[in-house]
1. Within the stretch B:136-153, identify whether any single residue is at the interface with another protein chain (Cβ under 7 Å from one of its Cβ atoms), touching a residue at least 24 places away in the same chain (Cβ under 8 Å) and open to solvent by less than 30 Å² (accessible area, probe 1.4 Å), and answer yes or no.
2. Just name the residue that is nearest to the chain's Cα centre (by Cα) out of those in the stretch B:182-203 that are of a type in the set (D, E, K, R) and within 7 Å of chain A (Cβ to nearest Cβ).
3. Looking at (1) at the interface with chain A (Cβ under 8 Å from one of its Cβ atoms); (2) out of contact with any strand residue (DSSP E or B) (no Cβ under 9 Å at 6 or more places or on another chain); (3) more than 20 Å from A:Ala183 (Cα to Cα), which one does B:Met126 not meet, given that it meets all the others?
4. A:Glu179: more than 7 Å from every other protein chain (Cβ to nearest Cβ), in a helix (DSSP H, G or I) and not hydrophobic (A, V, I, L, M, F, W, C), yes or no?
5. So the check is Cβ under 8 Å with 6+ separation or different chains; which pairs have a first residue in the stretch A:33-54 that's closer than 12 Å to A:Asn14 by Cβ and a second one that's open to solvent by less than 90 Å² (accessible area, probe 1.4 Å) and near DNA strand C (Cβ under 6 Å from one of its atoms)?
6. Among the candidates B:Arg121, B:Arg52, which residue alone is out of contact with any helix residue (DSSP H, G or I) (no Cβ under 9 Å at 6 or more places or on another chain) and within 16 Å of DNA strand C (Cβ to nearest atom)?
7. Restricting attention to the stretch A:155-169, does a residue exist that is buried (at least 19 other Cβ atoms within 10 Å of the Cβ), at pLDDT below 95, within 10 Å of chain B (Cβ to nearest Cβ) and under 22 Å from B:Pro105 (Cα atoms)?
Number of protein chains: 2
Amino acid sequence: MSEMAEKNSNTEQNILEAAKVVFVAKGMDGARMQEIADKAGINKALLHYYFRSKDKLFEAVFVEILSKLIPDISELLLSELPLFEKIRKFTQHYIDTIRENPLIPVFILHELNREPEGIARTFKSMGIQPQIFIDEIKREIGKGTIVPIDPLHLIVNLLSMCIFPIVAQPIMQHLIFEENGEAYSAFLEQRKKEVPEFIINSIRKK
Amino acid sequence: MSEMAEKNSNTEQNILEAAKVVFVAKGMDGARMQEIADKAGINKALLHYYFRSKDKLFEAVFVEILSKLIPDISELLLSELPLFEKIRKFTQHYIDTIRENPLIPVFILHELNREPEGIARTFKSMGIQPQIFIDEIKREIGKGTIVPIDPLHLIVNLLSMCIFPIVAQPIMQHLIFEENGEAYSAFLEQRKKEVPEFIINSIRKK
DNA sequence: GTCTATATCGGGATAGAC
DNA sequence: GTCTATCCCGATATAGAC
């Protein structure tokens, strides 16, 4: 049994991996079961054996992606560092994380638009709790370390400046570097320092 | 002939309008010619009469969207206002513009990922020239009005904080307002003031 | 220019052998 | 568990009448 189970879950994992790549690149509608099967080194019929349908397979992939992403965010918000240090660490770590899978944010947003109800259900079932970080910002304002600012805007600014330049790379690269991928990559690397300093510069009490 | 031409271009325009809505919401792959025909109040066959294929129709829609978007950006970068004023105006105008068609940025990015070569060609054929704005920022740094900052990072920060919160509304709304659309709308409205002040606060020489 | 009817094909899904 | 062969529907595209 152990051998069977071994092989079973290997194949299943192969399928999930392949499906993830294809779904993320092409979207649910553009993805082809044939392509997933090829990439997994197996046969179309086997896809249906493991996951009953394309919808079910997609759902599985979507859940896997989300459940990997969310703890990653939460973890950092809850660490024990002082605020400015936390902003620096978060930016660095987050830019790196998204650069590893730059297609995922657009994938999620696209699918969220495509089928708001169905996917949103999946999404809601996993909780993120930004409240702790919000409270921390409020405390710093109270202490007078930083200027009065709505914590939500601060958080959204931070996320925006990390995520957007990566997901918009296909456009930005063309706009400012004439398709020079190397240059844009270096630009993103710089942002790991530029963004936190930009933020801290704005909120630090003088 | 005038009557014919009239009707002709009306239908053509109706099709383009309908196609735009459907393509933007569902993406090229998810869009159905039937749905476009229905929304245009005509028949599937007519779509093929005006535009030979789905690909051709998509191309037409994509070009129309881009050629509307790009002058809109350029225009503002070239105005004559002082820098801080320009940042305020740009933010306001740009947030409003994107809120009118919040799905378009994700649509563009998704399609760019789906078919990098084909679409990129279309994209490149229209030029945006950020150089004038870059030079202006450099001059202000020279004058000592603002702190030394790489103009590209400043521009990307600005765009990020305008665009991202709107395209990521489906996620953010859930994260911070528990699906309260009204509250998120008000939040975006606030950003028209918060974002420029956040930026100016960061770059202004003290 | 606009419609109805139909050809064609791609792709998701199932049957059944091994 | 994995494969081959096949079913069947949906969607693009075309033919042809009006």
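1. Checking the stretch B:136-153: not a single residue is at the interface with another protein chain (Cβ under 7 Å from one of its Cβ atoms), touching a residue at least 24 places away in the same chain (Cβ under 8 Å) and open to solvent by less than 30 Å² (accessible area, probe 1.4 Å).
2. In the first step, residues of the stretch B:182-203 are kept if they are of a type in the set (D, E, K, R); the result is B:182, B:189, B:191-194, B:197.
Restricting the remaining residues to those that are within 7 Å of chain A (Cβ to nearest Cβ) gives B:191, B:194.
Details: B:Arg191: 17, B:Glu194: 21 Å.
Looking at the filtered set, the residue picked out is B:Arg191.
3. (1) is the only condition that B:Met126 fails.
4. Values: more than 7 Å from every other protein chain (Cβ to nearest Cβ): yes; in a helix (DSSP H, G or I): no; not hydrophobic (A, V, I, L, M, F, W, C): yes.
Criteria not met by A:Glu179.
5. Every condition considered, the pairs that remain are A:Leu47/A:Met33.
6. Working: B:Arg121 fails: within 16 Å of DNA strand C (Cβ to nearest atom).
Answer to the check: B:Arg52.
7. no
Residues checked against (1) within 14 Å of B:Cys162 (Cα to Cα); (2) within 16 Å of DNA strand D (Cβ to nearest atom):
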site	(1), (2)
B:Asn43	no, yes
B:Leu66	no, no
B:Pro82	no, no
B:Arg99	yes, no
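The values are calculated or read from the model by the stated rules, or taken from the named source; none is laboratory data. As the structure is a computational prediction, the values presented were derived from the model and not from experiment. Virtual Cβ from ideal backbone geometry, glycine too; neighbours counted across all protein chains shown. Each accessible area value is taken on the protein alone, full model and side chains, heavy atoms only, with ligands, DNA and RNA left out. Shrake-Rupley method; radii C 1.70, N 1.55, O 1.52, S 1.80 Å.
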